[in-house]
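Novice: Supplied in structure tokens, the structure appears directly below.
The values are calculated or read from the model by the stated rules, or taken from the named source; none is laboratory data. Because the structure is predicted, anything quoted here is derived from the model rather than measured. Counting neighbours? That spans all protein chains shown, and the Cβs are built from the backbone with ideal geometry, glycine included.
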Amino acid sequence: MGVMPAPYLTSIARPASSSPLPFTRRAALAGGLGLLAASALPAAHPASATSAAPLNVWPRALQVPGGVARLPLGPAAERPVAYSGDVPVLVLGDAAGWIAVVGIPLAAEPGEASIDVEAPGGRRTVPYTIAAKRYSEQRLKVEPRTVDLSPEDQARYERERAHQALVMATLSAPPHVASLRMLAPTPGRRSSSFGLRRIFNGQPRNPHSGMDIAAATGTPVVSPLPARVIDTGDYFFNGNTVWLDHGGGLLSLMCHLSAIGVKPGDMLKTGERLGAVGATGRVTGPHLHWGVMLNRTMVDPALFLDA
């Protein structure tokens, strides 16, 4: 039932580290990656709100709040640099054709949207359309102290929010892959899906920003893709938590763990164990809360799994 309060989703630059590249300003990133000349970029066409990538392409396209847009950028000798607002967007592919993989916020309004693609000679806009989606509602009973926070718990939450904002701003080099097909991090029944409107003890809260997988305490939790561990800790809402960086602004979040078996800086292969399912933090029972973040936006993990 993991919780990612809305303020966590507003982040600032992460301090420099040995591996991830902190996002400070566009010029620094552009200089490091090498930009296309504007004339090399073909004209863009609006993407249909109902368009979807073939089932053998991950993540699958679903242009709704909380979904993913896959926007073709055309062929070019070097990887284009794209932004959603001021946030870098993951770009995959090769010289034969590049794709911008854009996370759409749950709070996004249906209608027209766009990303910017920058080049030394200027900037162009790539438009797309966000379709409406209605998510279900879920009512839950939890400990009152995790809904109506004491001054001490509120202060702890504020400290943790500031720290995790830095974690979520991690930006490392994009992965050199054509597909981001993920491995489910633990076996089990999906007990709560992404986007549910959450009502705790009768009080509306932010929609569910991940996928809950019901499993017994102690069930192994593994990395869904190659990753670098960028944060571990015990947090008020999320309990024992591990953050993973898969590259290019694609992050995974594992919450409510009973045990953590990794530390920041560890490099993991797909399927390598990082901890175990538990019931720490704000929960109603043992399960894994798995979140996927793309361009600092929580998106539906199901789009990265086999249909």
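Novice: Any residue at all in the stretch 114-123 that is free of Cβ contacts under 8 Å to residues at least 24 places away in the same chain, surrounded by 13 or more Cβ atoms within 10 Å (Cβ to Cβ) and within 19 Å of N295 (Cα to Cα)?
Specialist: Yes: one or more hits.
Novice: Still on this structure: Looking at (1) closer than 25 Å to V91 by Cα; (2) crowded, with 22+ Cβ neighbours inside 10 Å, which is the only condition M267 fails?
Specialist: (2)
Novice: Would you point out the residue of the stretch 270-299, among those that are in contact with a helix residue (DSSP H, G or I) (Cβ under 6 Å, 6 or more places away or on another chain) and in a strand (DSSP E or B), that is farthest from D234 (Cα to Cα)?
Specialist: Among residues in the stretch 270-299 that are in contact with a helix residue (DSSP H, G or I) (Cβ under 6 Å, 6 or more places away or on another chain) and in a strand (DSSP E or B), the one farthest from D234 (Cα to Cα) is V292.
Novice: Condition first: surrounded by fewer than 16 Cβ atoms within 10 Å (Cβ to Cβ), aliphatic (A, V, I, L, M) and modelled with pLDDT under 95. Now tell me which residues in the stretch 180-220 satisfy that.
Specialist: The one that is surrounded by fewer than 16 Cβ atoms within 10 Å (Cβ to Cβ), aliphatic (A, V, I, L, M) and modelled with pLDDT under 95: I199.
Novice: Is it true that K269 is assigned by TED's automatic domain parsing to the domain that holds R189, over 23 Å from V101 (Cα atoms), charged (D, E, K, R) and out of contact with any Phe, Trp or Tyr (no Cβ under 7 Å at 6 or more places or on another chain)?
Specialist: So K269 fails the test.
Novice: Also: Of all residues in the stretch 86-96, count the ones that are surrounded by fewer than 13 Cβ atoms within 10 Å (Cβ to Cβ) and either without any contact (Cβ under 8 Å) to a residue 40 or more places away in the chain or outside any loop (DSSP other than H, G, I, E, B) (or both).
Specialist: 3
Novice: Next up: I'd like the full set of residues that are in a loop (DSSP other than H, G, I, E, B) and either closer than 18 Å to V222 by Cβ or acidic (D, E) (or both), limited to the stretch 234-263.
Specialist: Within the stretch 234-263, S258, G261, V262, K263 qualify.
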